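The values are calculated or read from the model by the stated rules, or taken from the named source; none is laboratory data. Just so we're clear, the structure is a prediction, and the values are computed from it rather than from any experiment. Glycine also receives a Cβ, built like all others from the backbone with ideal geometry; neighbour counts cover every protein chain displayed. Surface accessibility is based on the protein's heavy atoms, side chains included, excluding ligands, DNA and RNA. Shrake-Rupley method; radii C 1.70, N 1.55, O 1.52, S 1.80 Å.
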Amino acid sequence: MSHRRIATEEAFAPPELLQLYRTMLHDGEGDKGFQSLWGFYLGSTAERPRAVVRRLADLGAERIADMDAAGIDHQVLALTAPGTNVFDPATARTMATLTNDMAAQAVRDHPDRFTALAAVAWQDALHDNADAAVAELERAVRRLGMCGVIANSHVQGAYLDDQRFWPVLEAAELLDVPVYLHPNTPNDRMLDPLHDAGLDGAIYGFAVETGMHLLRIITSGVFDRFPRLRLVVGHLGEALPFWLPRIDHFHAAQVASGRYPAMKALQLRPSDYLRRNVWYATSGMAWQPGIMFVRDVIGADRVLYAMDYPYQYVPDEVRVQDELPLDAVAMREFYEGIATRLFHLTV
Ligand code: 1DF
Ligand code: MN
């Protein structure tokens with residue numbers, strides 16, 4: 001049985017947004033993580049960061065050639081981290097609209113090669129203007145055909161368990177599109193000890209930040225309020241699948257003790273939401289033991305392929321995943337079937 005390979009955490013950035021990043025770096029704006037990450041990618045003259053920046057801005061020939069060289073048939077595109085999260089609300093809104101229009105054009109030009117997640121100005125919700133973010137999400141999904149929404153983790157230190165964001169989560173549930181919870185650099189309150197040691201980025205800090213964010217979403221009761229909300233995380237779940245029994249045990253113990261006002265009783269165990277409401281992409285984790293472990297403890301129908309282009313453009317990692325110990329039906333599900341249903345893909 002043959003299958004296409006659909007990659008589901010594939011980053012891009014409009015040149016206009018990268019230009020705003022350059023200005024912010026120059027003016028010392030944004031949080032410390034932004035200065036660290038984008039100071040590197042936009043400041044370094046080394047080969048890899050320059051290639052990453054060039055590839056981020058391309059939604060045409062170079063990207064498609066790279067996909068062909070690696071055997072990737074289709075990319076689900078998403079605005080790279082931190083996306084619009086570092087801007088003031090008006091700039092974020094302008095950039096989200098521009099990003100969605102650019103992605104929609106690429107999808108129109110290459111409908112068999114690309115679909116896209118919507119970008120929204122999440123900070124609108126922090127400024128009494130959640131309706132604006134919801135309106136852009138509706139436009140992106142209904143008018144531009146987008147298949148989900150990217151959440152590049154914290155928004156200037158705020159997390160999606162904050163109820164001011166919930167109208168956007170409610171809209172995603174109603175529109176039946178998943179929220180892709182993607183890493184951001186740790187916020188200023190948690191950055192320093194990671195950054196001091198060079199651990200703030202993809203090596204570990206992203207997982208600390210994003211795994212915690214996912215756990216905050218669960219323990220705050222988001223999925224009791226929005227039971228059909230679907231979340232996607234990369235990097236095999238930002239380490240949470242390895243922690244299931246410990247999280248469940250101490251969640252129950254802490255609820256019983258009343259130790260933390262923020263930790264309330266939930267309808268289900270935390271691990272139940274991780275199996276019911278969350279999907280897991282293999283971005284950056286082309287590693288057979290890890291992939292098979294998450295299939296085992298979460299569910300084979302929840303683990304899907306992603307590359308993390310252009311940050312981890314390593315064609316050999318596709319070969320590693322081609323050699324997973326799966327039969328043809330399971331392999332097709334891994335590369336194509338799960339993503340097709342999760343994002344309601346039509347091509
Ligand atoms: C990196 C990795 C950067 C991932 C990313 O976006 C990113 C990196 C700024 O290697 O610096 O999405 N990643 O998901 O692993
Ligand atoms: Mn990524």
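Table for the structure above
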item: Carbon and sulfur %, accessible surface of the chain computed with the full protein complex present, 1.4 Å; result: 55
item: Cut-off 15 Å between beta-carbons: net charge of the residues surrounding residue 309, Lys and Arg +1, Asp and Glu -1; result: -4
item: DSSP-defined beta bridges in the chain - what % are antiparallel, rounded to 5; result: 5
item: Relative contact order of the range 270-347, pairs being alpha-carbon contacts under 8 Å that are 6 or more residues apart, as %; result: 31
item: The range 50-126 versus the range 127-171: alpha-carbon centroid distance in Å; result: 16
item: 14 Å cut-off, amide nitrogen to a point 7 angstrom out along residue 243 Cα→Cβ, residues in the range 139-155; result: none
item: Distance (nanometres) between label positions extended 7 Å along Cα→Cβ at residue 203 and residue 40; result: 0.8
item: Stretchable slack from residue 23 to residue 267, in nm (0.36 nm times residue separation minus alpha-carbon distance); result: 83.2 nm
item: Sequence-separation-based contact order of the chain, relative, with Cα cut under 8 Å and 6+ spacing, percent; result: 20
item: For the range 296-335, accessible area per residue (1.4 Å probe, heavy atoms of protein chains only), Å²; result: 42
